[in-house]
Amino acid sequence: MRPKHFLFSLLLFVVAGFVIIDHNPARAGEVSPGYKVLEPIRHGNLTVFPVVSAKSYPTGEFLTLDEGLHSGEVVVTEAGSVQGLIRRPGGPIRHHDGAEVNRLVLVNNSKRPLLLLAGEVVSGGKQDRVIGKDRIVPPESDPIDLSVFCVEHGRWVASSEKFGASQAMYGSVNGLPRANAPAPMAIMVQPSIRAKAMADKNQQEVWDEVSKQKEALVSRVAPTAPSAAATIGGVTSYAKANENQEVRKYVDSVALPIEQSYQSLIHQLRDRNAVGVVVAVNGRIIWADIFASTDLLSKYWPKLVRSYASEAVVTRAKEMDVTTRQADAFLADMQGRKEMIESEPGIYRHTEVTGDGFKAFELTSLLPKTGFDVHVAKMVD
């Protein structure tokens, strides 16, 4: 999906593994051949446009964070707890003075490459954290530094030595977890918070957005459940606030109809390769998530749709209709004025494209027999 032809300006910087390319302003590009935006699925003020592709890629090799945490093959811990996790005998041991707000350590003990998506939350340690960018971790990795942002302002006392997942993004029935709910999932923060981590890369702005959204949740819940609103107002954790039964009830009311409709559509469209969505709230397009395969989309869909619903629940504005043509135009415009590329040779390339009114993020696998875009996210800037 990344534009292949650019008019280059005078400067090309290569600094510490990053490549920054400035481009002359260019006309809007076209979406990669083979992508098609379908008619929308709507519920309340949330609209999702399914996206299908003419081509799908083999993604069964990739391990998700949810799968790795559940099996115990992926370990996430504070930076100060890294000793003892070094895999290779005689390998260098990185000594850390202690835990840091914007730093965690991850070890992938699996024989499969691990896929991490920006916006996924790991709960525990001294504070809950959100992953700041998409990346791939090779199989049987030594400890790697994981760039994160805190989404729990205030707490700095360990709740557990290691990090795990949350039940916050699962649907419920009468406020209770669904009977067929699988193991806890690493939740995905809503797009407004995800954008602060991915695009702004600023801890204070992440904290400010978490506080803003928590206040919006309190206002949403207070008229019908004042005690629940008081409880939400008293917690510091984004995940804990979203685990509240009243919050889950509101999110479910928006998420479940769309989750079920699109899940059914995914099965119907499997031969057409349903690979993602364009998302609108109150008639305003805000986001797109595109994957390399239907199978990969299916794994992330339950928590993605709940993150979109969480945004819809706290966004109060005049509702308008958004058209398929508008969604197609949003997805098609990927021409940027500037690119920032980070690459880990033989593993992945991460590209951030800045365009007129948007930012796009492309994760390309460089593992053997791959060379394709695993995930592309686009947001309104």
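The values are calculated or read from the model by the stated rules, or taken from the named source; none is laboratory data. None of the values given here were measured: they were computed from a predicted structure. All Cβ positions, even for glycine, are placed from backbone atoms using ideal geometry, and neighbour counts span all protein chains on display. Note: areas computed on protein heavy atoms with side chains; ligands, DNA, RNA excluded. Shrake-Rupley method; radii C 1.70, N 1.55, O 1.52, S 1.80 Å.
General observations
- Gln245/Asp145 FRET efficiency (R0 35 Å; Cβ-Cβ; nearest 0.05): 0.45
- Only protein heavy atoms count here; under a 1.4 Å probe, Met379 has an accessible surface of about 10 Å².
- Centroid-to-centroid separation of the stretch 119-141 and the stretch 231-301 [C-alpha atoms, Å]: 20
- Residue-by-residue Karplus 3J(HN,Hα) for the stretch 239-253, coefficients 6.51, -1.76, 1.60, Hz, glycine and proline x: 5, 5, 4, 7, 7, 4, 4, 5, 5, 4, 5, 5, 5, 4, 4
- Multiplying the residue separation of Arg337 and Asp208 by 0.36 nm and removing their Cα-Cα distance gives an extension gain of 43.6 nm.
- Förster radius 30 Å - calculated FRET efficiency between Asn109 and Ala329, Cβ distance, rounded to 0.05: 0.10
- Cα-based Lys pair tally, the stretch 245-381, threshold under 23 Å, eight or more apart or on separate chains: 10
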